[in-house]
Amino acid sequence: MIELILTFSSKYLIEFMMFLLASALVFRFLTFRSSKSDEAYFTKFTREIEANIERDKHSQVMIEDVDIYLSDILGRVNKKLPHRHVRFSKNKSVNREESRDISLREFVKSKNGLIASIQAESSVYNNKTPPNFTELTYRIMDQDTHWSKLMGRLPIDGLSRLIDVLPSIFIVLGVFGTFIGISMALPEIAKIDFSNIDGSGQTLTNFVVNVTFAMKTSIAGIFFSLVLTFLNTLYPIKTMRHRIFKKVEVCLQMLWYHIQSDSNKEDKEDRRIFKEMLSTLKSISSQMEDKNLKKKAS
């Protein structure tokens, strides 16, 4: 088994590293483009949530039922969101308006939709105890296949982590190839007949070829590692996704506090009315007592 690995590595290690690099570049491009699209979408979502909250505060909208209000504000936000296809239609004869209606219906009703996922967490917004907003955001966003999976199949977080560690893997593969080349070159020295250097020409050639392979794998590993490190530093996918995640988390937190603060206002208003009613009843009671006393006195 080891001999098979050594033989394969001695012939195709550099080609295998090139294949890894090409695959990483393709997946990196697709993941980065998907993350940029997500950033635009979720930025629009958070802005619309904030704008609607401010509008409701200014209009002094009373929240009598949390579920109804949550559905209402999310419905208003959903109308302003850019279109996202849940899946591509196979029937290309369908016009754009019909395609938009179908995909929008799928998006709203699907458990993978952002709006549907937030509505599914309505119990959190009914609860007056603050939730763990990081876990809440993770549950909601993980249901959105646009966010969690590339092309609806490959997990983006897993791909991102793999791309981040590939520079180190290239260094390891380069060192691995160097040791393979040296291990193949050293036995060639023992075959050299120093009394007949001319007759040992092929042996010397094999020795040089193996040493050259060792150097080439190191150079290739370092070069591929530098390419991916440069791209990971210049266009960090993980940092971008974390920024989007925190933006949505803050938005959901703001929505929860808005609903709860308005609910508290309603409770305070109820208490104020109750106190006024109690005061009025006491006043009526005192007046009736005064009348009774006057009747008894007369």
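Every number in this text was worked out from the coordinates using simple rules, so none of it is lab data. As the structure is a computational prediction, the values presented were derived from the model and not from experiment. Note that each Cβ is placed from the backbone with ideal geometry, even for glycine, and that neighbours are counted across all protein chains shown.
List of remarks:
- Each residue of the stretch 48-64 is assigned a 3J(HN,Hα), and the resulting list reads 5, 4, 4, 5, 5, 5, 5, 5, 5, 5, 5, 7, 6, 6, 8, 9, 8 Hz, derived from the Karplus form 6.51 cos²θ - 1.76 cosθ + 1.60 (θ = phi - 60°), x at Gly and Pro.
- Peptides 47-60, 216-229 ordered by packing proxy, namely the average of other Cβ atoms within 10 Å per residue, highest first: 216-229, 47-60.
- Backbone geometry of the stretch 147-160 corresponds, through the Karplus equation with coefficients 6.51, -1.76 and 1.60 at θ = phi - 60°, to 3J(HN,Hα) couplings of 7, 8, 10, 8, 6, x, 10, 8, x, 5, 4, x, 4, 5 Hz, x marking Gly and Pro.
- The label-point distance for VAL26 and ASP67, in a model that sets each label 7 Å from Cα toward Cβ, rounds to 4.8 nm.
- Segment SER286-SER148, length gained on full extension (0.36 nm per residue, minus Cα span): 42.9 nm
- Order of TRP147, TRP256 - criterion: other Cβ atoms within 10 Å of each residue's Cβ, fewest first: TRP256, TRP147
- Relative packing of peptides 64-70, 30-36 - highest average C-beta neighbours within 10 Å first: 30-36, 64-70
- Flagged links, alpha-carbon separation over 29 Å, of LYS149/LYS246; LYS44/LYS238; LYS36/LYS80; LYS36/LYS216: LYS36/LYS216
- For a paramagnetic label modelled on LYS247 (point 7 Å from Cα along Cα→Cβ), amide N atoms under 16 Å away belong, within the stretch 61-82, to 81-82.
- Karplus-derived 3J(HN,Hα), 6.51/-1.76/1.60, for each residue of the stretch 219-234, Hz, glycine and proline x: 4, 5, x, 5, 5, 4, 5, 5, 4, 5, 5, 4, 5, 5, 6, 6
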